[in-house]
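Some notes on the structure that comes next.
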Amino acid sequence: MKSIIPEKYKPGNYFFLVPIVAMIPWVGMLIAMLICWAVQGKPFYSFMNRGQKLAFISDIGATNLQPLFIACSAWQGLFYFLTLCCEYYQRCGRWPISKTAFNYKISVYDENNGGGNNNERVRHGLNFPSYMPFWFTKHERNVMFAACILTGIGEILLLLATIFSDKDYNTTHYGLIFTFVVLMAIGVGLNILEYMLMGLSYMKIHPLHRRFNKYAISALAKGFWLLTAIIWAICFGALANNTMRAQFEWLLAFYFCVLFIIYSIDFYLGGRYKYSKNFPYVESFQGYYKYDQWYAKTHARSANADDYAPETEYMFRNSEEAQGENRGDDDDGNYYYYEHYHHNDGTKETKPSVTTEDF
């Protein structure tokens with residue numbers, strides 16, 4: 001059966017739906033709460049401030065709609081946390097708390113393969129599963145990990161805030177909300193930093209070396225979102241008029257959905273990196289992506305769980321390091337690499353590893 005999605009728009013994977021799954025129940029909850037409050041005649045609850053014409057989200061969430069408030073906030077929190085974890089997984093090859101990376105095969109560019117036929121050209125990274133491109137340095141990985149942890153804590157605090165309503169636990173409720181907002185802002189800031197760092201590194205391998213690549217554009221979009229959200233949050237906290245404060249609160253709650261959309265776009269574009277018009281011109285990611293160290297470690301462990309190959313070296317054609325004892329050629333012109341295995345019994349073994357065909 002032919003896909004209804006044109007090939008040029010077909011996603012590389014469906015991780016981009018995770019932020020949408022987080023957003024839909026959240027925005028649905030907000031709309032449902034507003035409709036219910038309006039249908040009930042816009043009641044003035046006893047725990048609302050005098051003269052207040054618009055109820056806070058927490059006010060409506062403290063009524064008989066509290067189960068909806070708790071359930072949808074929990075759903076949003078879980079999938080927002082999973083959104084950041086999915087980015088970590090797609091870029092790092094494992095989940096944030098996992099020590100085991102998934103196995104995959106990588107490839108190197110073979111200038112003699114296919115006689116110049118682009119359909120048969122083999123490039124380093126082409127066989128990587130259709131996830132997002134790797135992080136460039138350990139800094140991006142560490143920033144992603146920190147964002148996951150802080151966001152997870154923040155979402156737990158939001159869930160607790162929905163349980164401890166402002167009707168019965170006013171001080172506790174708003175203390176939890178404040179801490180949630182701070183942690184979420186820091187988490188978004190870390191995500192912005194991640195994309196800024198990746199954008200700077202991407203400039204080094206991008207064929208056109210554009211300053212405003214997709215990473216930089218994403219960072220700018222999230223930066224604008226964060227700056228606007230902070231300004232509105234300050235207005236919410238500083239204004240004396242409770243009706244206007246409620247308006248800013250509802251505005252921020254709906255504005256939160258824009259962040260999910262940005263994440264979804266990141267995942268969609270990241271998953272299609274192999275189909276980028278510039279990807280065919282990138283012959284090697286060596287030296288920028290951490291493929292060498294990462295693949296050496298995971299390949300050695302997957303080959304033999306009892307062996308470890310810290311001295312594994314990968315030599316590439318057209319590289320100054322291509323000559324030496326760690327590289328060999330077979331009769332067909334393919335080249336391969338030697339791996340040095342240190343066994344648990346103290347012995348050392350050197351043997352050929354993978355060839356261009358294996359890649």
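The values are calculated or read from the model by the stated rules, or taken from the named source; none is laboratory data. Just so we're clear, the structure is a prediction, and the values are computed from it rather than from any experiment. Because the Cβ atoms are built from the backbone with ideal geometry, glycine has one as well, and the counts that use them run over all protein chains shown.
Just a few scattered comments:
- Check on F44, of a type in the set (F, W, Y), modelled with pLDDT of 85 or more and either touching a strand residue (DSSP E or B) at 6+ places or on another chain (Cβ under 8 Å) or farther than 30 Å from R141 by Cβ (or both): yes
- Qualifying residue in the stretch 147-162 (condition: assigned by TED's automatic domain parsing to the domain that holds I192, at pLDDT below 95 and among the acidic types (D, E)): no
- Considered as a group, the residues in the stretch 62-96 that are of a type outside the set (S, T, N, Q) and in contact with a Lys or Arg (Cβ under 9 Å, 6 or more places away or on another chain) include one that is farthest from E140 (Cα to Cα), and that residue is A62.
- The one condition from (1) within 19 Å of T162 (Cα to Cα); (2) surrounded by fewer than 21 Cβ atoms within 10 Å (Cβ to Cβ) that G41 does not meet is (1).
Rundown of residues vs (1) polar (S, T, N, Q); (2) farther than 18 Å from L150 by Cα, yes/no style:
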position: N191; (1), (2): yes, no
position: S201; (1), (2): yes, yes
position: N213; (1), (2): yes, yes
position: L251; (1), (2): no, yes
position: F254; (1), (2): no, yes
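- Among (1) surrounded by fewer than 17 Cβ atoms within 10 Å (Cβ to Cβ); (2) assigned to a helix (DSSP H, G or I), the one test that Y14 misses: (2)
- The stretch 239-265, residues that are hydrophobic (A, V, I, L, M, F, W, C) and closer than 19 Å to K53 by Cβ: L239, A240, M244, A246, F248, W250, L251, L252, A253, F254
- Hey, F81 in contact with an Asp or Glu (Cβ under 9 Å, 6 or more places away or on another chain) and either among the basic types (K, R) or at pLDDT below 95 (or both) or not: no
- Condition met for L78 (touching a Cys at 6+ places or on another chain (Cβ under 9 Å) and of a type in the set (A, V, I, L, M, F, W, C)): no
- Residue list for the stretch 247-292, filter: modelled with pLDDT under 60 and part of a loop (DSSP other than H, G, I, E, B): V282, E283, S284, F285, G287, Y288, K290
- Selected residue (criterion: modelled with the lowest pLDDT) from residues of the stretch 192-213 that are touching an Asp or Glu at 6+ places or on another chain (Cβ under 6 Å) and crowded, with 19+ Cβ neighbours inside 10 Å: M198
- Among residues of the stretch 256-270 that are closer than 25 Å to F180 by Cα, those with a Cβ under 7 angstrom from a residue that is outside any helix (DSSP H, G or I) and of a type in the set (F, W, Y), sequence gap 6+ or separate chain, pair up as S264/F16; F267/F15; F267/F16.
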